[in-house]
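Encoded as structure tokens, the structure appears first; notes follow it.
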């Protein structure tokens with residue numbers, strides 16, 4: 001008898017590859033659930049990271065090597081699931097969710113999901129509310145699965161990349177239209193066998209080259225689910241335990257707070273005690289299949305709905321495991337002074353210049369969430385304690401789901417920036433175009449876009465960036481063009497690309513939008529006006545008469561670039577961003593890999609920093625601009641600063657931002673700017689930091705050596 005019990009216990013608590021799917025039960029919603037028995041499995045995945053692969057291969061080849069891991073899947077560790085539970089055979093469907101919320105997606109004509117589509121566009125909070133409603137309705141404990149339960153059930157006893165083996169069946173992964181930049185990752189023509197590309201051949205017909213972002217006409221079935229196409233459940237072969245769609249379709253919410261793994265065996269783990277995001281698993285359509293692996297992890301905030309995320313339920317009491325402590329803070333949040341220093345403004349008439357000093361200092365061997373491959377789109381602010389804090393996105397590639405926010409701190413009185421460290425990372429979400437801003441009192445604001453995934457998020461810190469509030473939804477999709485400004489009436493205004501503004505009249509508590517995003521039929525020409533700023537990445541200032549002024553970027557693929565005589569468009573608004581008058585500025589147009597920056601100085605003038613030529617222009621064809629020196633005029637090429645003393649009507653003082661005697665400066669980079677309390681202008685490119693003052697811009701440099 002003892003031997004029999006020991007054998008039974010061993011079977012119950014071992015990997016269950018030999019156990020096949022149980023007969024499903026059906027609940028009051030018509031939802032089928034299958035019993036998952038207890039057992040032990042290895043959670044996570046070890047192996048080389050994708051960052052190492054990219055050091056040897058092109059970004060456009062990364063789809064070929066989908067067994068590369070993400071940093072957060074390590075270390076592999078043994079996990080025991082000690083109690084059985086029932087799990088939904090499929091993701092919750094639209095029809096099932098509408099029994100809880102009858103009006104779900106009925107009022108928006110663009111969203112027409114079928115009854116048997118997986119529900120998507122549901123926040124974690126609504127998914128939990130559904131489970132609570134169903135629990136009350138049936139008198140049984142429904143909930144979201146823990147992350148460990150989800151991976152255990154997905155693997156169904158397997159140890160391979162997918163429950164189907166080390167690859168997926170032919171045409172398993174749906175890829176609709178060019179969503180998620182399909183043409184960036186794959187060459188024209190047929191996609192790899194694992195993908196189902198609905199518009200096969202159109203890229204060939206259009207003569208599209210790999211790396212180009214293309215707009216294709218979607219077939220009729222893709223008009224549903226917000227353009228995501230058919231998300232019908234149970235169309236693929238289930239795993240050995242009878243579960244459908246564990247790889248792809250829509251991602252699925254789990255109950256855990258997201259955080260790093262720890263080594264050592266665990267029983268019934270529950271994730272971290274707290275965090276910024278909740279876990280989602282399984283991956284979603286229109287993404288590379290490496291994001292669908294059994295071990296792959298994702299996370300998103302609880303209060304923002306994504307059309308990429310749905311959920312499936314489990315029935316059973318929550319395991320009695322213990323959450324892990326909150327993860328240790330990153331370097332940029334460690335040992336931060338909370339003292340407000342006594343800062344004395346430097347003499348206004350004494351020229352000062354320092355740079356270039358690198359602030360993007362990636363630690364050796366970094367493979368995520370701080371990466372070597374690409375670091376871009378920065379923002380900079382002074383903190384109340386006198387530190388400078390720079391934030392940017394770090395990624396394997398700008399369009400990739402690995403995109404996270406990194407940060408570095410130049411502590412007050414220090415000479416060098418600290419090594420980069422993680423700042424914000426909703427995992428497997430493109431955390432794009434971060435902005436960091438100090439309101440001049442005690443609050444720092446962090447704004448970030450969940451590109452192609454969810455909303456624009458906002459967080460606050462009142463302790464110099466050590467801790468941050470839970471993310472709030474600020475507005476729907478869009479990219480913030482530049483740093484916020486505070487207008488004379490106290491309004492906080494943030495410009496958005498080819499759109500108007502987000503404004504707050506209550507110091508950032510609530511936000512509203514002015515103007516509207518650009519539409520395909522909109523005509524942009526000098527002398528006309530419209531409800532958006534002309535161009536992208538446009539910084540704004542408020543003029544003395546209350547109008548707003550913005551300088552935008554027109555990329556070379558924009559036909560309107562020539563309409564503006566290859567000059568930067570300047571836009572003016574007299575109604576807080578509802579409408580904008582477009583005109584031609586005197587400054588050369590900027591384009592790909594470039595972004596201008598502009599600021600109202602404490603002294604009163606406006607400073608604009610930009611580039612003399614487009615970075616794509618061959619070196620021998622760059623025209624530069626004319627600059628003054630003690631020996632007469634000369635032609636300089638690259639990064640410059642210009643100052644206006646008459647509210648943007650003229651810009652008499654200009655200087656190349658380079659050491660004395662140089663006639664060339666940086667030719668590309670996304671610029672970000674702030675002015676610290678000592679009067680110095682702090683300017684960063686995508687990699688370097690410059691500090692100078694107004695007196696330095698006005699000063700005539702010595703004549704460059706010929």
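The values are calculated or read from the model by the stated rules, or taken from the named source; none is laboratory data. Not measured: the values here are computed from a predicted model. As a convention, Cβ positions derive from the backbone with ideal geometry for all residues, glycine included, and neighbour counts pool all protein chains shown.
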Note to self: Just to verify a result, which residue in the stretch 385-403, among those that are at pLDDT 95 or above and surrounded by fewer than 24 Cβ atoms within 10 Å (Cβ to Cβ), is nearest to residue 690 (Cα to Cα)?
What the structure shows: 388
Margin query: Checking the structure you have, find out if any residue of the stretch 428-447 is outside any strand (DSSP E or B) and surrounded by 24 or more Cβ atoms within 10 Å (Cβ to Cβ).
Written below: yes
Item checked: Count of residues meeting criterion [more than 24 Å from residue 66 (Cα to Cα), out of contact with any helix residue (DSSP H, G or I) (no Cβ under 9 Å at 6 or more places or on another chain) and in contact (Cβ under 8 Å) with a residue 12 or more places away in the chain] in the stretch 397-414 -> 4
Check: How about the stretch 682-693: which of its residues are closer than 19 Å to residue 636 by Cβ and crowded, with 23+ Cβ neighbours inside 10 Å?
Finding: 683, 685, 690
Note to self: Between 369, 345, 363, which is surrounded by fewer than 17 Cβ atoms within 10 Å (Cβ to Cβ), part of a loop (DSSP other than H, G, I, E, B) and either in the same structural domain as residue 449 (by TED's automatic domain parsing) or modelled with pLDDT of 95 or more (or both)?
What the structure shows: 363
Checklist line | Among the candidates 285, 247, residue that is part of a loop (DSSP other than H, G, I, E, B), modelled with pLDDT under 95 and buried (at least 23 other Cβ atoms within 10 Å of the Cβ) | finding: 285
Next item on the list: Sort out which residues of the stretch 306-342 are crowded, with 20+ Cβ neighbours inside 10 Å, assigned to a loop (DSSP other than H, G, I, E, B) and either in contact with a helix residue (DSSP H, G or I) (Cβ under 7 Å, 6 or more places away or on another chain) or without any contact (Cβ under 8 Å) to a residue 40 or more places away in the chain (or both), and write them in order of number.
Entry: 307, 311, 313
Check: From the list 590, 643, 607, which one is surrounded by 18 or more Cβ atoms within 10 Å (Cβ to Cβ) and over 30 Å from residue 345 (Cβ atoms)?
Finding: 590
Checklist line | Number of the condition not met by residue 510 [criteria: (1) surrounded by 14 or more Cβ atoms within 10 Å (Cβ to Cβ); (2) at pLDDT 95 or above] | finding: (1)
Notebook entry, point to check: Which one of these is touching a strand residue (DSSP E or B) at 6+ places or on another chain (Cβ under 6 Å) and part of a loop (DSSP other than H, G, I, E, B): 666, 678?
Noted result: 666
Check: Does any residue of the stretch 379-390 turn out to be outside any loop (DSSP other than H, G, I, E, B) and either without any contact (Cβ under 8 Å) to a residue 40 or more places away in the chain or within 15 Å of the chain's Cα centre (by Cα) (or both)?
Finding: yes
Item checked: Of residues in the stretch 95-130 being over 22 Å from residue 473 (Cα atoms), buried (at least 21 other Cβ atoms within 10 Å of the Cβ) and over 26 Å from the mean Cα position of the chain (by Cα), the one modelled with the lowest pLDDT -> 113
Check: Does residue 533 fit the bill of being within 22 Å of residue 644 (Cα to Cα) and within 24 Å of the chain's Cα centre (by Cα)?
Finding: yes
Next item on the list: Determine whether residue 358 is in contact with a helix residue (DSSP H, G or I) (Cβ under 8 Å, 6 or more places away or on another chain) and within 30 Å of residue 696 (Cα to Cα).
Entry: no
Next item on the list: Give just the number: which of (1) modelled with pLDDT of 95 or more; (2) crowded, with 24+ Cβ neighbours inside 10 Å does residue 463 not satisfy?
Entry: (2)
Notebook entry, point to check: Scanning the stretch 257-274 for residues that are buried (at least 19 other Cβ atoms within 10 Å of the Cβ) and either under 21 Å from the mean Cα position of the chain (by Cα) or at pLDDT below 95 (or both), which turns out farthest from residue 115 (Cα to Cα)?
Noted result: 259
